[in-house]
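Read the structure below first, then the notes.
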Amino acid sequence: MSPRAKEAGNHAATRSVRAAIGTDTSHRAVVPPLHLSANFVFDAPGSCGRYDYTRSGNPTRDHLQEAVADAEGGSSCVITASGMAAVTVITQLLRPGDVLLAPHDCYGGCHRLFTAESRRIGFDVHFVDQSTDAAVELARACRPRIIWLETPSNPLLRIVDLARWVDVAREVGALTVADNTFLSPANQRPLEWGIDLVVHSTTKFINGHSDVVGGAVVSRDAALGEELAWWTNCIGVSGSPFDAYLTLRGLRTLHARTAIHEQNALAIVDVLGGHVAVAAVHHPSLLGHPGHDIATRQQTGWGSLVSFDLHGGRPAVDAFLSTLQYFTLAESLGGVESLVAHPATMTHASMDDEARRIAGIGEGLLRLSVGIEHAGDLVDDVHAALDVVEERLCVPC
């Protein structure tokens with residue numbers, strides 16, 4: 001082990017905190033400087049150093065790329081301007097006639113992009129319930145180019161068996177992509193299960209402060225990573241240096257934040273599970289969750305997203321939201337502040353009614369992103385809002 005490796009430590013939390021610390025050779029700054037320059041000096045025509053233009057390479061973005069790749073255990077990473085930009089980069093691997101196999105309950109923005117790009121490019125996309133044997137048989141029959149996995153899924157927190165799908169992908173010659181946004185590398189590392197690519201909206205837990213929009217694709221194979229880096233530069237979706245600087249700052253506290261997020265989320269799950277206004281709670285920590293055993297095996301934490309269905313549908317949702325003090329009605333997730341979203345009209349509004357029905361996204365479904373506020377305040381807030389639902393709607397009658 002090199003002296004530098006010893007300094008960085010073996011634990012992922014240590015490496016995230018120490019990423020790029022003490023690497024400045026100009027002034028020996030502890031925290032690496034932010035390089036905002038759009039361009040870099042050439043030695044002569046056709047002769048430049050490591051960097052020439054920030055779209056194709058930037059020292060600050062490289063620090064983040066190296067840190068995220070290390071966090072996921074990958075060979076390389078590309079940092080993009082948004083999570084959807086990261087998804088778009090991966091779709092550049094698809095050609096006319098290819099097949100993309102995707103979750104029927106994937107993020108609404110992915111559903112919209114896959115549908116639109118399949119029409120434009122000419123590949124086929126199949127949205128399937130990846131927990132079923134029928135989905136596996138379809139993969140064997142259609143031999144997809146890419147199998148897209150989202151675990152836990154957005155917003156119902158369904159769990160996909162990564163090892164099973166890696167076996168299927170190897171059988172049919174497909175690439176596997178796992179969206180790890182909901183857990184982050186602090187709670188799940190899909191590459192360790194044989195996944196080829198991991199995608200993130202770094203806007204969420206990796207940054208953790210709801211002030212930066214960004215994305216990442218981490219590759220297990222170096223050659224595939226180089227191809228994705230080429231496409232990222234080619235179509236111009238590289239992340240900005242300033243956003244990379246802030247995201248690296250957020251990554252340093254990922255493991256510390258994650259621990260508090262999860263403690264608070266488990267307290268909220270207890271409240272929801274014991275209240276008569278709640279029709280169903282969706283969280284993999286629950287023994288009755290259909291993916292509980294798989295999550296126990298492939299995750300190192302339960303995650304802090306919690307979804308639940310209220311008795312009474314949309315009127316119950318409106319009553320619940322009108323009472324909350326410490327959960328802000330907004331899209332996104334993974335920030336230090338607690339948020340609540342109504343998937344049917346917000347994150348998954350781009351899906352048509354039938355697609356939402358098939359995915360199980362109803363009018364009474366809410367998704368909580370549980371932050372790091374004091375647990376007692378969050379518990380009291382949710383409990384009071386549920387009491388209002390019960391009182392106003394006499395739920396259940």
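The values are calculated or read from the model by the stated rules, or taken from the named source; none is laboratory data. Keep in mind the model is a prediction, meaning the values are calculated, not measured. Neighbour counts are summed over all protein chains in view; Cβ atoms, including those assigned to glycine, are modelled from backbone coordinates with ideal geometry.
Strands (runs of 3 or more DSSP E) wholly in the range 253-352 with at least 3 residues that are in contact (Cβ under 8 Å) with a residue 40 or more places away in the chain and crowded, with 20+ Cβ neighbours inside 10 Å - which ones?
Numbers: elements: 278-282, 305-310, 339-341.
Per the criteria, 305-310.
For the range 187-206, enumerate the residues that are over 19 Å from residue 368 (Cβ atoms), in a loop (DSSP other than H, G, I, E, B) and not basic (Lys, Arg). Spell out the reasoning first.
Just the residues of the range 187-206 that are over 19 Å from residue 368 (Cβ atoms), to begin with: 188-200, 202, 206.
Then keep just the ones that are in a loop (DSSP other than H, G, I, E, B); that gives 188-189, 194-196, 202, 206.
Once the filter is applied, which keeps residues that are over 19 Å from residue 368 (Cβ atoms), in a loop (DSSP other than H, G, I, E, B) and not basic (Lys, Arg), the range 187-206 yields 188, 194, 195, 196, 202, 206.
Determine whether the range 144-158 contains at least one residue that is touching a residue at least 40 places away in the same chain (Cβ under 8 Å), assigned to a helix (DSSP H, G or I) and more than 20 Å from residue 290 (Cβ to Cβ).
no
Give just the number: which of (1) of a type outside the set (Gly, Ala, Ser); (2) outside any loop (DSSP other than H, G, I, E, B); (3) more than 30 Å from residue 112 (Cα to Cα); (4) modelled with pLDDT of 95 or more does residue 373 not satisfy?
Residue 373 satisfies all of (1) of a type outside the set (Gly, Ala, Ser); (2) outside any loop (DSSP other than H, G, I, E, B); (3) more than 30 Å from residue 112 (Cα to Cα); (4) modelled with pLDDT of 95 or more except (2).
Specify which of the listed residues (301, 335, 313) is modelled with pLDDT of 95 or more and farther than 22 Å from residue 180 by Cα. Show your work before the answer.
Details: 301 fails: farther than 22 Å from residue 180 by Cα; 335 fails: farther than 22 Å from residue 180 by Cα.
Sole residue among the options that is modelled with pLDDT of 95 or more and farther than 22 Å from residue 180 by Cα: 313.
Counting only residues that are in contact (Cβ under 8 Å) with a residue 60 or more places away in the chain and either in a loop (DSSP other than H, G, I, E, B) or of a type in the set (Ser, Thr, Tyr) (or both), which one in the range 105-126 is surrounded by the fewest Cβ atoms within 10 Å (Cβ to Cβ)?
106
Give the range 139-152 a look and list any residue that's surrounded by 17 or more Cβ atoms within 10 Å (Cβ to Cβ) and either of a type outside the set (A, V, I, L, M, F, W, C) or over 23 Å from residue 296 (Cα atoms) (or both), or say none.
Within the range 139-152, 139, 144, 145, 146, 150, 151, 152 qualify.
Hey, does the range 223-236 have a residue that's in contact with a Gly (Cβ under 9 Å, 6 or more places away or on another chain) and part of a loop (DSSP other than H, G, I, E, B)?
no
Please state which one of 291, 274 is among the small types (Gly, Ala, Ser) and within 30 Å of residue 394 (Cα to Cα). Full working, then the answer.
Numbers: 291 fails: within 30 Å of residue 394 (Cα to Cα).
It is 274.
If you go through the range 207-224 one residue at a time, do you hit one that is among the basic types (Lys, Arg), within 17 Å of residue 87 (Cα to Cα) and in contact with a Phe, Trp or Tyr (Cβ under 8 Å, 6 or more places away or on another chain)? Walk me through it before giving the result.
As a first pass, look at the range 207-224 and keep what is among the basic types (Lys, Arg): 220.
Now narrow it down to the ones that are within 17 Å of residue 87 (Cα to Cα): 220.
Filter once more, so that each one left must be in contact with a Phe, Trp or Tyr (Cβ under 8 Å, 6 or more places away or on another chain): none.
No, the range 207-224 contains no residue that is among the basic types (Lys, Arg), within 17 Å of residue 87 (Cα to Cα) and in contact with a Phe, Trp or Tyr (Cβ under 8 Å, 6 or more places away or on another chain).
Could you list, ordered by first residue, the pairs with Cβ atoms under 6 Å in which the first is in the range 200-212 and within 7 Å of residue 335 (Cα to Cα) and the second is crowded, with 24+ Cβ neighbours inside 10 Å and among the polar types (S, T, N, Q), at least 6 apart or interchain?
204/181; 205/184
Check whether at least one residue in the range 374-383 is without any contact (Cβ under 8 Å) to a residue 12 or more places away in the chain, surrounded by 14 or more Cβ atoms within 10 Å (Cβ to Cβ) and either of a type in the set (Val, Ile, Thr) or out of contact with any helix residue (DSSP H, G or I) (no Cβ under 8 Å at 6 or more places or on another chain) (or both), and report yes or no. Explain how you work it out, then say what you get.
Taking the range 374-383 first, the residues without any contact (Cβ under 8 Å) to a residue 12 or more places away in the chain are 374, 376, 380.
Cutting the leftovers down to surrounded by 14 or more Cβ atoms within 10 Å (Cβ to Cβ) gives us 380.
If we keep only those that are either of a type in the set (Val, Ile, Thr) or out of contact with any helix residue (DSSP H, G or I) (no Cβ under 8 Å at 6 or more places or on another chain) (or both) too, we end up with 380.
Scanning the range 374-383 turns up at least one residue that is without any contact (Cβ under 8 Å) to a residue 12 or more places away in the chain, surrounded by 14 or more Cβ atoms within 10 Å (Cβ to Cβ) and either of a type in the set (Val, Ile, Thr) or out of contact with any helix residue (DSSP H, G or I) (no Cβ under 8 Å at 6 or more places or on another chain) (or both).
Of all the strands (runs of 3 or more DSSP E) wholly in the range 1-104, which have at least 1 residues that are among the basic types (Lys, Arg) and out of contact with any Leu (no Cβ under 9 Å at 6 or more places or on another chain)? It would help to see each step written out before you state the result.
Details: elements: 42-44, 76-80, 99-103.
Hits in the range 1-104: none.
Report yes if residue 165 is among the aromatic types (Phe, Trp, Tyr) and within 19 Å of residue 98 (Cβ to Cβ), otherwise no. Talk me through it step by step, then tell me what you get.
Details: among the aromatic types (Phe, Trp, Tyr): yes; within 19 Å of residue 98 (Cβ to Cβ): yes.
For residue 165, the condition - among the aromatic types (Phe, Trp, Tyr) and within 19 Å of residue 98 (Cβ to Cβ) - is met.
Answer yes or no: is there a residue in the range 42-58 that is in contact (Cβ under 8 Å) with a residue 60 or more places away in the chain, assigned by TED's automatic domain parsing to the domain that holds residue 179 and buried (at least 19 other Cβ atoms within 10 Å of the Cβ).
Within the range 42-58, one or more residues are in contact (Cβ under 8 Å) with a residue 60 or more places away in the chain, assigned by TED's automatic domain parsing to the domain that holds residue 179 and buried (at least 19 other Cβ atoms within 10 Å of the Cβ).
Please verify whether residue 228 is surrounded by fewer than 24 Cβ atoms within 10 Å (Cβ to Cβ), assigned by TED's automatic domain parsing to the domain that holds residue 56 and out of contact with any strand residue (DSSP E or B) (no Cβ under 6 Å at 6 or more places or on another chain), treating the condition exactly as stated.
Values: surrounded by fewer than 24 Cβ atoms within 10 Å (Cβ to Cβ): yes; assigned by TED's automatic domain parsing to the domain that holds residue 56: yes; out of contact with any strand residue (DSSP E or B) (no Cβ under 6 Å at 6 or more places or on another chain): no.
Answer is no for this residue.
Here are the criteria: (1) at pLDDT 95 or above; (2) under 30 Å from residue 25 (Cβ atoms). Tell me which single one residue 110 does not satisfy.
Status for residue 110: all satisfied but (2).
If we keep just the residues of the range 35-58 that are at pLDDT below 95 and small (Gly, Ala, Ser), which is farthest from the chain's Cα centre (by Cα)?
Here the residue is 44.
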